[in-house]
Amino acid sequence: MNTTTAREPLCTGGDPWHLMSRRECLNRFALGLGGIALGELMGGRAQAATADAPVLGRPHFAPKAKRIIYLFQSGGPSQLDLFDYKPVLNQRHGEQLPDAVRGGQRLTGMSGNQSSIPIAGSPFKFERHGRSGAWVSDLLPHTAKIADELCFVRSMHTESINHGPGVTFMQTGSQIPGRPSFGAWLDYGLGSERENLPAFVVLITKDKKGQPLMSHLWGSGFLPAKHQGVRFRSGPDPVLYLRNPEGVSPENRRLALDRLRELHEAQFAGTPDGLINARIANYEMAFKLQTSVPEVTDLKDEPAHIVDAYGPDARTPGSFAANCLLARRLAERGVRFIQLYHQDWDHHGGLPGGIKRECGQTDRASAALVADLKQRGLLDDTLVVWGGEFGRTNYCQGLMTANNFGRDHHPRCFTIWMAGGGVKPGYVHGETDEFGYNIARDPVHIHDLHATILHLFGVDHERLTYKFQGRRYRLTDVHGHVVKPILA
């Protein structure tokens, strides 16, 4: 039994601690903990105080890309019906998926209890296109025409098997909501090229069903709020609450903001909290957006032949085609990260009709965007990315009939494409096995994709970090490698 008394020395030796009692030692230790906590708070406050400036100041090395347009296809497009041609699936259509191919890998709860998992071949015709010989199905005739501009990555993979974690992982580098989005990281690191437009803009195709898109996908997480994405909506108010209330003139708004700024500056003088400066910056940005947003979202100055190239939907605000055209306008005005979302690729059933519908809404506009950027000289330093959160299975989910079937989620392998911004055009990276179930060569993880995109912007993904709750986080937390073969 320990019989040490409260006055018994805890330490011995030739230092000031050797005469301390336990109570005195704990008191001093508590003060030390308080000092550490205060240092953390002051460090965080100092970090917030400098949040107005990009943390890197300049890229780590010469960038290839200045901006990115990310065409996110929410729901998981079927790579086996679009890009990853597997004739063996048609040859063995209706047969049971061999156990040797599945390898005991888990299935979702939606198909894991099926007594039968029959192979489903694609009903769509595939042909080779471009100097890369990339396979593209007849669902995407316009994308096929620009194959020489595209870099296909057929060996993407993820741990996520469900939509919520899958989309969150692709957009934030974590399956758990709360981390900063990709656009927020890029804005935090490199800042904005324009003072009158956000560095990070979000566009969502209107009137679409499918898996919900939550604001954390373009949020700032633990980064300062100024780095979160700004959603532009269709209609007369692209940014909510941006217009002055009725009876308030721009001159009156300017006077009110000037007085409010003086109050905030007085508060900052007494309490140097970086969040106060961030609030001032947000008010100023909102005032500038009152003139810049109406100008950039008004397509009246676009030549008719350009609008027509994006398709008939380009004249319908909020459509995918209109958003692609708006993305190009934002890119040429210096917006660094433009995120488009298009839902309803989740085809557990009715795949032939469903995927044909989504391709009809996205194919022409996606190809037109790449061509439009190129003819304006913007494609060289604008990265375009097309893809979803995972792929689809090579077997049928549910009942398979002569003309109808569905595919379940498949994280083991899927396809994305990229164009411009320093990636190799007319190139195909990675390969899946003959069943399209597993990766056969050159796997690319989501963290690898993020590391590569940051590299194209001149950013070392291991050095763009933010200290939060005692440790430093990064987008590729905690692994990832640059996929060098796809770099031009």
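The values are calculated or read from the model by the stated rules, or taken from the named source; none is laboratory data. Note that the structure is predicted; figures quoted are calculated from it, not measured. Note that each Cβ is placed from the backbone with ideal geometry, even for glycine, and that neighbours are counted across all protein chains shown.
Some points to look at:
- Candidate set from region 392-431 (those that are touching a strand residue (DSSP E or B) at 6+ places or on another chain (Cβ under 9 Å) and among the hydroxyl-bearing types (Ser, Thr, Tyr)); member that is farthest from ALA120 (Cα to Cα): TYR427
- Some residue of region 192-203 being part of a helix (DSSP H, G or I) and in the same structural domain as ARG472 (by TED's automatic domain parsing): no
- Per-region count, region 113-134, residues out of contact with any Lys or Arg (no Cβ under 6 Å at 6 or more places or on another chain) and either within 30 Å of GLY398 (Cβ to Cβ) or outside the structural domain of ARG102 (by TED's automatic domain parsing) (or both): 14
- Region 368-377: number of residues that are more than 20 Å from the chain's Cα centre (by Cα) and closer than 17 Å to ASN323 by Cβ: 4
- The residues of region 198-212 that are surrounded by 21 or more Cβ atoms within 10 Å (Cβ to Cβ) and either among the acidic types (Asp, Glu) or at pLDDT 95 or above (or both), listed by number, are ALA199, PHE200, VAL201, VAL202, LEU203, ILE204, THR205.
- Pick from region 376-431, criterion of a type in the set (Phe, Trp, Tyr) and more than 19 Å from GLY166 (Cα to Cα), ranking: surrounded by the most Cβ atoms within 10 Å (Cβ to Cβ): TYR395
- Scanning region 403-456 for residues that are acidic (Asp, Glu) and in a loop (DSSP other than H, G, I, E, B) turns up ASP433, GLU434, ASP442.
- Total residues in region 162-178, condition surrounded by 19 or more Cβ atoms within 10 Å (Cβ to Cβ) and not in a helix (DSSP H, G or I): 1
- Failed item, numbered, when ASP308 is tested on (1) part of a helix (DSSP H, G or I); (2) closer than 22 Å to SER192 by Cα; (3) over 24 Å from the mean Cα position of the chain (by Cα): (2)
- Hits in region 356-388 - residues which are charged (D, E, K, R) and either in a strand (DSSP E or B) or closer than 17 Å to ASP148 by Cβ (or both): ASP363, ASP372, LYS374, ASP380
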